[in-house]
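The structure under discussion appears below in the form of structure tokens.
The values are calculated or read from the model by the stated rules, or taken from the named source; none is laboratory data. Note that the structure is predicted; figures quoted are calculated from it, not measured. Note that each Cβ is placed from the backbone with ideal geometry, even for glycine, and that neighbours are counted across all protein chains shown. Each accessible area value is taken on the protein alone, full model and side chains, heavy atoms only, with ligands, DNA and RNA left out. Shrake-Rupley method; radii C 1.70, N 1.55, O 1.52, S 1.80 Å.
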Amino acid sequence: MDIGVLGILVPTFYGSGIFNEDPVTLVVVGGMVFSFFLMPHILLKLLQKPKWTEIDSITRSIRLIEANKQVRTISWDSLQFLTYSEYTYTVKTKNGSKTITVFTVLGAADGDTIALAESTNFPELRLIGEKIAKFLKFSIKDESGVLIPYTELDLPIHKRKIPKEVWDSEITFSPSSQLSIEKVGQDNLLKSNYNPKLYTVVAVSVSFAFTLMIHFSIGSAFDLSVTAWETFPPNTYQMTFFILSFGFGFLPLAYVWWNKTKKKEIQISEDVMYWNGKAYPFANWEEILLKQNTLYLVNDHSTETYPLHFFCETSDSIQVRNWIQKEIGKKSGTSEEFGRF
């Protein structure tokens, strides 16, 4: 965001001739740029306390390091299993506030929990957690409260057992999500005609604001905006800039329109899952996760994402994930007598 704002302000200052002014003006402008754009990043870097975890196989201990100081040492023999957790916090920005979600690998030890690793990227955090579990030979407790042995962490998605609550549940969707289940040969298809109007309203507002900002902040500096037109139609440069400013300014609306009109479907065959026609063989992937209204298809090497913001109502996201799990279980012949995914 800061780079984008600077990309607009710097040409504007340059075109206004401010850099030809006296040195005092340059110092004042430079100080403003430093205060508003560079100083927050510098302070964040200085005030952050780097944390990391060291696992010593010789002493069979885990050392928690913070700001180059050892704050705690734990015998890994005291740990019972690993689990994942998450917490959120809010930070203030120039335009309001932003909520950050942090995912954590926790070690359970005699009723206590110890944070071993953190990340705002869950697939990355999951990979770290599995590496720790395999190295320590510990189980990981999943969201259903079931312990997964470290020897089963690399099972492909179609060989994992489905939670009993998913097998027993009836998959239904809200009418406003406009989801339909269709049969395509031997495959099952979940098709979406979801058309969220809120995104369009927001995109139109943002696009108009972005267009005006580009057109007048940059165009006025170089005599290209409509206020500098002396004839109609204007000269070639002014007309070109007019078209470009609207083209770039309405990118948010174009993005929303593209997401609303493109094909939105999930197809499950005997050994392959298709997201909008792209194939993902079951044997190549380990888990399908749902975090922050986005599906994650993960293995130990890569992650594929499928946002559901334009696919269904937020309240139906879990049902979409459950439908996928249940269909994979049916196609692969997974036994529903065992309750683990």
Of the residues in the range 260-286, those that are modelled with pLDDT under 90 and surrounded by 15 or more Cβ atoms within 10 Å (Cβ to Cβ) come to LYS260
Taking first residues from the range 257-277 that are over 20 Å from ILE288 (Cβ atoms) and second residues anywhere that are open to solvent by 50 Å² or more (accessible area, probe 1.4 Å) and part of a helix (DSSP H, G or I), the pairs with Cβ under 9 Å that are 6 or more apart or on different chains are ASN259/TYR199; LYS260/TYR199
If you go through PRO307, PRO234, the only one that is loosely packed, with under 15 Cβ neighbours inside 10 Å and out of contact with any His (no Cβ under 6 Å at 6 or more places or on another chain) is PRO307
- Task: Report yes if GLN325 is closer than 21 Å to ASP187 by Cα, of a type in the set (S, T, N, Q) and open to solvent by 30 Å² or more (accessible area, probe 1.4 Å), otherwise no.
- Result: no
With the first residue restricted to the range 237-251 and required to be under 21 Å from SER205 (Cβ atoms), and the second required to be at pLDDT 80 or above and among the polar types (S, T, N, Q), Cβ contacts under 7 Å at 6 or more apart or on different chains are SER245/THR211; PHE246/THR211; GLY249/SER207; GLY249/THR211; PHE250/SER207; PHE250/THR211
| query | Is it the case that the range 214-221 has a residue that's surrounded by fewer than 15 Cβ atoms within 10 Å (Cβ to Cβ) and without any contact (Cβ under 8 Å) to a residue 24 or more places away in the chain? | reply | no
Within the range 178-202, residues closer than 15 Å to ILE324 by Cβ and either touching a Gly at 6+ places or on another chain (Cβ under 8 Å) or open to solvent by less than 60 Å² (accessible area, probe 1.4 Å) (or both) come out as LEU179, ASP187, ASN188, LEU189, LEU190, SER192
The residue from THR200, THR151, THR99, THR113 that alone is outside any loop (DSSP other than H, G, I, E, B) and under 23 Å from GLU66 (Cβ atoms) is THR113
Being of a type in the set (D, E, K, R) and modelled with pLDDT of 90 or more narrows LYS141, LYS191, LYS197, LYS164 down to just LYS191
Note: among TYR306, TYR255, just one is among the aromatic types (Phe, Trp, Tyr) and under 21 Å from ILE157 (Cα atoms), namely TYR306
Taking the range 83-141 and keeping only residues that are polar (S, T, N, Q) and buried (at least 17 other Cβ atoms within 10 Å of the Cβ), one is left with THR83, THR104, SER139
